[in-house]
Amino acid sequence: MKKMLKNVLVGLMVLSLSSLAMAKEKIYVGTNAEFPPFEYLEKGEIVGFDIEMMNEIGKVLDADIKIQDMAFDGLLPALQMKKVDVVIAGMTATEERQKMVSFTQPYYTASQVIIVKEGNNSIKSFDDLKGKRVGVMLGFTGDVIVSDMEGVKIERYNAAYAGIMALKADKIDAVVLDSEPAENYVKQNSGLQIAEAESAQEKYAIAVRKNDKELLEKLENGLNEIKANGTYDKLLKKYFN
Ligand code: GLN
């Protein structure tokens, strides 16, 4: 009887150990779900190109992707404080940020554009923003670009949608935002247009902590794999046609 009990106990231990070994690795990912079509909320769920891509990378790595939504300017601090291990948020791999974190290879090329009210022909280039009230999103690359310009009255917003609302209400003359979300917001809000203005290209990449070489390598492998097996192209088609 005693022996049987012992066998049962040993059996249970082996079972629980093996289920531990089988439990998938979890990767905690921070994003800011206010940046369509890269990340946004749909019926309360975080969806978008970045999210799907991250989940596909998770499949390659056999890891569970756990997404957390937070303010954009809180993302890199959350990474540093180990609240998350990865940031994917249409984030441009700027030199400034590269001092703090490591980025994967780029996965998307974008640029900053100017959104104005329909029929506003006074703003056609970034130079035309001088003397105008311009909305930017706190800590975005657009914020950095416009902050470097002289004579612009900057209004900073926490989220792109707040800037769009301010523009519609004539509280500001223009919004500077990344090309893809800008097009998205213009499509979804009548009375807005993208001014004919091009700016330097910027590249989006996935961020990890500076010394996290292991995770960086895993993500690179995942990205290489989904680029090689057609998944990445499928996602590009789905979100940007
Ligand atoms: N690409 C811009 C940046 O990195 C905006 C990103 C975002 O708002 N999600 O600052």
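The values are calculated or read from the model by the stated rules, or taken from the named source; none is laboratory data. Keep in mind the model is a prediction, meaning the values are calculated, not measured. Cβ atoms come from the backbone with ideal geometry, glycine included; neighbour counts cover every protein chain shown. Ligands, DNA and RNA are stripped out before the accessible areas are found, and what is left, the full protein with its side chains, is counted by its heavy atoms. Shrake-Rupley method; radii C 1.70, N 1.55, O 1.52, S 1.80 Å.
What is the magnitude of the charge dipole of the chain about its Cα centre, with +1 placed on the Cβ of each Lys and Arg, -1 on the Cβ of each Asp and Glu, and no other charges, expressed in debye to the nearest 20?
Value, rounded to 20: 1180 debye.
What is the gain in length, in nm to one decimal, between Asp62 and Glu150 on full extension, counting 0.36 nm per residue of separation less the C-alpha to C-alpha distance?
Computed gain between Asp62 and Glu150 is 26.7 nm.
Could you pull out every residue, at least 5 positions away or on a different chain, whose amide H is within less than 5 Å of the one on Ala33? Hs are placed 1.01 Å off N in the peptide plane, and Pro or chain starts have none.
Correct list: Met70.
Counting only protein heavy atoms and a 1.4 Å probe, tell me what percentage of the chain's accessible area is made up of carbon and sulfur.
C and S fraction of accessible area: 53 percent.
Skip the ligands, DNA and RNA, and give the accessible area per residue of segment 125-164 with a 1.4 Å probe, whole Å².
The answer is 49 Å² per residue.
Over segment 91-241, what is the relative contact order in whole percent, taking alpha-carbon pairs under 8 Å and six or more residues apart?
About 38 percent, as a whole number.
If the label point is 7 Å along Cα→Cβ of Glu52, which residues in segment 210-235 have backbone nitrogen under 12 Å from it?
Hits in segment 210-235 for Glu52 at 12 Å: 231-235.
Can you run phi through the Karplus equation (6.51, -1.76, 1.60; θ = phi - 60°) for segment 203-219 and list ³J(HN,Hα) in whole Hz, with x for Gly and Pro?
Once rounded to whole Hz, the list reads 10, 7, 8, 8, 9, 10, 4, 3, 9, 8, 5, 4, 5, 4, 5, 4, 5.
Beyond 29 Å between alpha-carbons counts as too far, so tell me which of Lys43/Lys237; Lys130/Lys210; Lys43/Lys153 fall in that bin.
Lys130/Lys210; Lys43/Lys153
Once phi is turned into θ = phi - 60°, what whole-Hz ³J(HN,Hα) does the Karplus curve with 6.51, -1.76 and 1.60 give for every residue of segment 95-109, x standing for Gly and Pro?
Residue by residue, segment 95-109 yields 4, 4, 5, 5, 6, 9, 9, 9, 10, 6, 4, x, 10, 7, 10 Hz.
I'd like the antiparallel share, as a percent to the nearest 5, of DSSP beta bridges with both residues in the chain.
60
At 1.4 Å probe size, with no ligands or nucleic acids counted, give the accessible surface of Lys210 in Å², nearest ten.
Its heavy atoms expose roughly 100 Å² to the probe.
Restricting to Cα pairs below 8 Å that are 6+ residues apart, what does the relative contact order work out to for segment 54-173? Please round to a whole percent.
21
For every helix of n ≥ 4 consecutive DSSP H residues, a contribution of -39,500 (n - 2.57) applies; sum these over the chain, divide by its total residues, and give [θ] at 222 nm rounded to the nearest 500 deg cm²/dmol.
Using -39500 (n - 2.57) per qualifying helix, the result is -12000 deg cm²/dmol.
Using only protein heavy atoms and a 1.4 Å probe, report how much of Lys203 is accessible, in Å² to the nearest 10.
Counting only protein heavy atoms, Lys203 exposes about 90 Å² to solvent.
Express in nm, to one decimal, how much length is gained between Gln201 and Val8 on full extension, taking 0.36 nm for each residue of separation and deducting their alpha carbon distance.
Computed gain between Gln201 and Val8 is 63.1 nm.
Along the charge dipole of the chain, pointing to its positive end and built from +1/-1 on Cβ of Lys, Arg, Asp and Glu, which listed residue (Ala197, Ile51, Leu138) has its Cα farthest out?
So the residue furthest toward the plus end is Ile51.
By how many degrees, between 0 and 90 and to the nearest 10, does the Cα long axis of helix 231-240 differ from the longest principal axis of the chain?
Computed tilt is about 30 degrees.
Quick one: angle between helix 49-61 and the longest Cα principal axis of the chain, in degrees between 0 and 90, rounded to 10, please.
20
Taking θ = phi - 60°, what integer Hz values does the Karplus form 6.51 cos²θ - 1.76 cosθ + 1.60 yield along segment 73-81, in sequence order, with x for Gly and Pro?
6, x, 5, 5, x, 5, 5, 4, 7
What is the list of residues in segment 170-194 whose amide nitrogen lies under 17 Å from a point 7 angstrom out from the Cα of Glu96, following Cα to Cβ?
Answer for this model: 176-178.
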